[in-house]
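Note sheet for the following structure.
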Amino acid sequence: MPEYLRLNPGGLVPALIDSVPGVGEHTISVALSYASFIVRMDNAKQFAAFGGLNPALRESGTIRAKPTLSKTGHVALRRAPSLSGMVTLNRAVWGRRFKTPLQVNHKAPKLIIGAMVRKLAHAIFGVLKFGKLFDPALHGC
């Protein structure tokens, strides 16, 4: 476990997660409850899959349905950041920059929210794994 998680779980770690724009107290508490799992993972894709935020393809022979969220991970990790995803899309600068190209391509609103929730999971993983404050430049914004 990284030193900053072991020494000060009450002060520094919530401040790290709170540096991600749009993340509230409930999402912080859920992310902290899974912080020990984050340390064991190698990349953010694993964390997103752990929360069931990865796309699942639905295919059978020649029939292909639209991809959806897999829903195979922890329900709390999927539910907690959903409202934070909506807030980030509408209130945070980096969320609006993320949403604009998806809207231009006529993506469905729920798909955009799901993509933002996955992006938030990646951001939370990054700040917890590396112990650095959120930097929107690292997330393509």
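No value in this document is a laboratory result; all are computed from the given coordinates. A quick note: this is a predicted structure, and the numbers were derived from the prediction, not measured. Using ideal geometry, Cβ is built from the backbone for each residue, glycine included, and neighbour counts are taken over all protein chains shown.
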Margin query: Restricting to lysines 8 or more places apart or on different chains, can you count the pairs in the chain with Cα atoms under 15 Å from each other?
Written below: 10
Item checked: For V23, net neighbour charge (Lys/Arg +1, Asp/Glu -1) across residues whose Cβ lies under 12 Å away -> 0
Next item on the list: Based on the mean of other Cβ atoms within 10 Å per residue, sort peptides 73-86, 90-103 so the most packed one is first.
Entry: 73-86, 90-103
Margin query: Suppose R0 equals 25 Å. What FRET efficiency, 1/(1 + (r/R0)^6) with r the Cβ-Cβ distance, do T62 and L102 give to the nearest 0.05?
Written below: 0.35
Margin query: Looking at segment 45-115, I'd like the Rg to Rh ratio, where Rg is from alpha-carbon atoms and Rh is Kirkwood's inverse mean 1/r.
Written below: 1.02
Check: Taking the mean number of other Cβ atoms within 10 Å as a proxy for protection, how do you rank 52-63, 29-40, 113-124 from highest to lowest?
Finding: 113-124, 29-40, 52-63
Check: How do K66, K107 rank when sorted from fewest to most other Cβ atoms within 10 Å of their own Cβ?
Finding: K66, K107
Item checked: Residue order, fewest to most beta carbons within 10 Å, for D18, D42, D135 -> D42, D135, D18
Next item on the list: Taking each pair of different alpha-carbon atoms in segment 8-130 once, compute 1/r for the pair, average those values, and report the inverse of that mean as the Kirkwood hydrodynamic radius in Å to one decimal.
Entry: 15.0
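Hey, what did segment 18-141 get for relative contact order, percent, Cα under 8 Å, at least 6 apart?
31
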